[in-house]
1. Just to be sure I understand the filter: pairs with C-beta atoms under 6 Å, separated by 6 or more residues or on different chains, first member in the range 49-69 and at positive phi, second member assigned to a loop (DSSP other than H, G, I, E, B). Which pairs pass?
2. Within the range 47-63, take every residue that is outside any loop (DSSP other than H, G, I, E, B), closer than 14 Å to ARG96 by Cα and of a type outside the set (A, V, I, L, M, F, W, C) and give me the one that is nearest to the chain's Cα centre (by Cα).
3. Looking at VAL44, VAL94, VAL78, which is the one that is outside any loop (DSSP other than H, G, I, E, B), at pLDDT 90 or above and out of contact with any Cys (no Cβ under 8 Å at 6 or more places or on another chain)?
4. Going by the conditions given, is ASP49 modelled with pLDDT of 75 or more and out of contact with any Cys (no Cβ under 8 Å at 6 or more places or on another chain)?
Amino acid sequence: MVIVAELPAIYFVQQPPADVTGHVGGSVHLGCSARSRNLGQVEVTWVKDGGEVVEGDGRRSVTQSGSLVIAPVMSGVVLISPRGNDTTEGDEGVYRCIARQGGVAIVSTPATLHIAS
């Protein structure tokens with residue numbers, strides 16, 4: 001008897017590591033790569049703490065393979081709002097990569113980026 005296992009429509013070749021430590025001013029590379037069973041183009045995007053990671057801001061970029069590169073790494077800075085909805089901006093947090101093709105999407109395991117003090 002022969003059992004043939006079929007690959008899912010999209011699958012991860014590389015997922016980000018569980019924990020990464022970055023140093024302020026340094027760079028961080030979160031690896032992620034996905035492929036499609038039908039060999040079509042797979043789009044990879046990233047989320048941090050549930051919100052979309054903005055790339056192309058001069059500090060964050062997604063490589064052709066899907067990995068996220070952050071340079072320089074920033075620690076948290078509190079932005080005070082006169083309306084009282086203060087926010088913290090920084091790179092520390094939980095990241096996930098999302099691979100999409102057509103109507104199919106898969107989400108990676110979480111990768112937590114810690115900032116060394």
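The values are calculated or read from the model by the stated rules, or taken from the named source; none is laboratory data. Keep in mind the model is a prediction, meaning the values are calculated, not measured. A quick note on method: Cβ atoms are made from the backbone with ideal geometry, for glycine too, and the neighbour counts reach across all protein chains shown.
1. GLY66/CYS32
2. Step by step, filter the range 47-63, then rank; the result is LYS48.
3. VAL94
4. yes
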